[in-house]
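Here is the structure we will look at, set down as structure tokens.
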Amino acid sequence: MRGKSYTIRIGVFLTVLTVFGLSFVGYGVTNSATYVGSEACAECHEKEFSNYSKYSKKAHSSASIKIMASDLAQDELEDCYSCHATGYGKPGGFVSFEKTPQLADAGCEVCHGPGSLHAEDGDPELIKAKVDIKDCEVCHNADRVENFNFKPLIYGGAH
């Protein structure tokens, strides 16, 4: 028979685990969303998609990888994919230009997370609607960009 303190410790552990797990619900971490590509966003977010396609360098980010690819080792190339493609290294994310061409550029889901569930029913709770500067700094940081001075466009609407 186990003591009362063991039961209390298990109860505290389960409570912490539950609270910790629920804290991710708003960010799509606990759901089963997959990457669908920016074209899927265009149906409902026509203006944002149009602005992204016309004005955002991210919409054409795979071009720089293709230019540099022959001069890069595989690990260097993979490092490029992590910021210049959508979902690289994550379930359902970019694999290659041949297998997942719809994810070859840094699309909507780089900032907003995998969008399949949101695209299916439009529920705003199933996507990260409000992006924070910390989301940008995953790629836009002094370690990745030698002359780091990006404009945080999230405040002016990066779309």
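Remark: pairs (first residue in region 79-106, within 17 Å of Ile67 (Cβ to Cβ); second residue charged (D, E, K, R) and at pLDDT 95 or above; Cβ separation under 9 Å; 6+ apart in sequence or on different chains) = His84/Asp105; Ala85/Asp105. Can you name the residue in region 41-61 that is open to solvent by 40 Å² or more (accessible area, probe 1.4 Å) and in a loop (DSSP other than H, G, I, E, B) and, of all such residues, is nearest to His140 (Cα to Cα)? Ranking the candidates gives His45 first. Residues that are more than 17 Å from Thr86 (Cα to Cα) and either β-branched (Val, Ile, Thr) or modelled with pLDDT of 80 or more (or both) within region 130-150 comprise Lys130, Asp132, Ile133, Lys134, Asn141, Val145, listed in sequence order. A residue that is at pLDDT below 55, open to solvent by 40 Å² or more (accessible area, probe 1.4 Å) and aromatic (Phe, Trp, Tyr) can be found somewhere in region 5-19. Being surrounded by fewer than 13 Cβ atoms within 10 Å (Cβ to Cβ), among the hydroxyl-bearing types (Ser, Thr, Tyr) and free of Cβ contacts under 8 Å to residues at least 24 places away in the same chain holds for only one residue in Ser32, Ser64, and it is Ser64.
Gly89 meets each of the listed conditions (1) touching a helix residue (DSSP H, G or I) at 6+ places or on another chain (Cβ under 9 Å); (2) part of a loop (DSSP other than H, G, I, E, B); (3) buried (at least 22 other Cβ atoms within 10 Å of the Cβ) apart from (3).
The values are calculated or read from the model by the stated rules, or taken from the named source; none is laboratory data. From a predicted model like this one, the values you see are computed outputs, not experimental measurements. Neighbour counts run over all protein chains shown; Cβ positions are idealised from the backbone, glycine included. We work out accessible area using only protein heavy atoms, side chains counted, and drop any ligands, DNA or RNA first. Shrake-Rupley method; radii C 1.70, N 1.55, O 1.52, S 1.80 Å.
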